[in-house]
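The values are calculated or read from the model by the stated rules, or taken from the named source; none is laboratory data. Since we're looking at a predicted model, the values are computed, not measured. Cβ: placed from backbone, ideal geometry, glycine included. Neighbour counts: every protein chain shown. Ligands, DNA and RNA are excluded from the accessible area calculation, which covers all protein heavy atoms including side chains. Shrake-Rupley method; radii C 1.70, N 1.55, O 1.52, S 1.80 Å.
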Amino acid sequence: LSAILSALFMYLYLRKFGLGLTGCAAAGWTFACSGFYASRVAAGHLPLLEAYPALPLLVWLVESHIQQQRRGESTRPWIAAIALSSACVMLAGHPQLAVYAMIAAGLYVLWRGGIESVKPIWSGMFVGVGCSAFALVPMGLLIGRSTRVLALAPAANDIAMPYGRLAAFFLPWRDGVPPLLDNNPGSVFRGYPNLAYFWDTVCYIGIVPWIAVLLLLVFFVRTKPATVQRKMAGFI
């Protein structure tokens, strides 16, 4: 369900810019089928993925509000949707992705809407978070009893990101894989104390997106701005 919602909200977000149906569908599929999502499913971190749709949901609502505001139309329905969505994502299984998404959406408001959009949108987000305080406050009190604060045995996945694992963004199997993903004894995960160093550091992006970025940079450098606008308009 979280994967479907993630793809749907990313699709709706890009449709706000007038991108074609094929491009929006491809973007939604790419976001929902990322290496981060797949690795968390394999490891069983499903509560973490409950908030995965938060980012495309919030930026879609924020962009809808900004475009409506620029047309001089009422934005109250979008403010209400932002408040409701903020409350929902903060009540999702794990707060990590929800907090990241809220911060990213708040910064997106500044970038796309400017100061005039900050007050209504941030207020809506604040109200939404406030409505979820009945769960957030008790959860916050539990932090004082966690392994991150008390002198208890640390959790197995309480690790720092090794620099060597950054290469997994391009080569996810460079250090081997857990038995869950491959029964080949020669490919067992190696070089680190436990399997948490795989599950908590793997985030495969893939080679094709980097090639696409390079091609786009070459395209924009070699093409005049007016020509780029005409070609983009034709593509959309």
- line: Taking only protein heavy atoms and a 1.4 Å probe, the highest-to-lowest accessible-area order of Cys203, Cys33 is Cys33, Cys203
- prompt: Can you pull the Kirkwood radius for segment 1-135, inverse mean 1/r over Cα pairs, to one decimal in Å?
  reply: 15.1 Å
statement: From highest to lowest solvent-accessible area (probe 1.4 Å; ligands, DNA and RNA excluded), Asp158, Asp175 read Asp158, Asp175
message: Is there a quick way to get the dipole size of the chain? I mean about its Cα centre, with the Cβ of Lys and Arg at +1 and of Asp and Glu at -1; what is the value in debye to the nearest 20?
response: 760 debye
message: Along the charge dipole of the chain, pointing to its positive end and built from +1/-1 on Cβ of Lys, Arg, Asp and Glu, which listed residue (Leu61, Ala133, Phe36) has its Cα farthest out?
response: Leu61
task: Specify the residue with the greatest mean-square fluctuation among Ile82, Ile211, Ile121, computed from a Gaussian network of the chain linking alpha-carbon atoms under 10 Å apart.
output: Ile211
- prompt: For the chain, what are the DSSP H helices with axial Cα length of 20 Å or more and mean Kyte-Doolittle hydropathy of at least 0.5?
  reply: 76-90, 95-112, 115-131, 208-222
message: Need the full-extension length gain, Tyr100 to Leu166, defined as separation in residues times 0.36 nm minus the C-alpha distance. One decimal, nm.
response: 21.7 nm
task: Let me have the relative contact order for the chain, percent, based on Cα pairs under 8 Å that are six or more residues apart.
output: 18 percent
statement: In a Gaussian network model of the chain with springs linking alpha carbons closer than 10 Å, the residue among Ala212, Ala133, Ala87 that fluctuates most is Ala212
- prompt: Based on the Cβ-Cβ distance of Val41 and Ala133, what FRET efficiency does E = 1/(1 + (r/R0)^6) give at R0 = 22 Å, to the nearest 0.05?
  reply: 0.15
- line: Sorted list, accessible surface of protein heavy atoms, 1.4 Å probe, largest first, for Arg112, Arg40, Arg165, Arg174 is Arg174, Arg112, Arg40, Arg165
message: 5 Å is the cut-off here: which amide hydrogens, built 1.01 Å from N in the peptide plane, fall below it relative to Ala51, excluding neighbours closer than 5 in sequence?
response: Gly93, His94
task: Rounded to the nearest 500, what is the 222 nm mean residue ellipticity of the chain from helices alone, with -39500 (n - 2.57) per DSSP H run of 4+ residues and division by all residues?
output: -19000 deg cm²/dmol
message: Under the rule of at least 5 residues apart or a separate chain, name every residue whose amide H is placed under 5 Å from the amide H of Val177.
response: Val188, Phe189
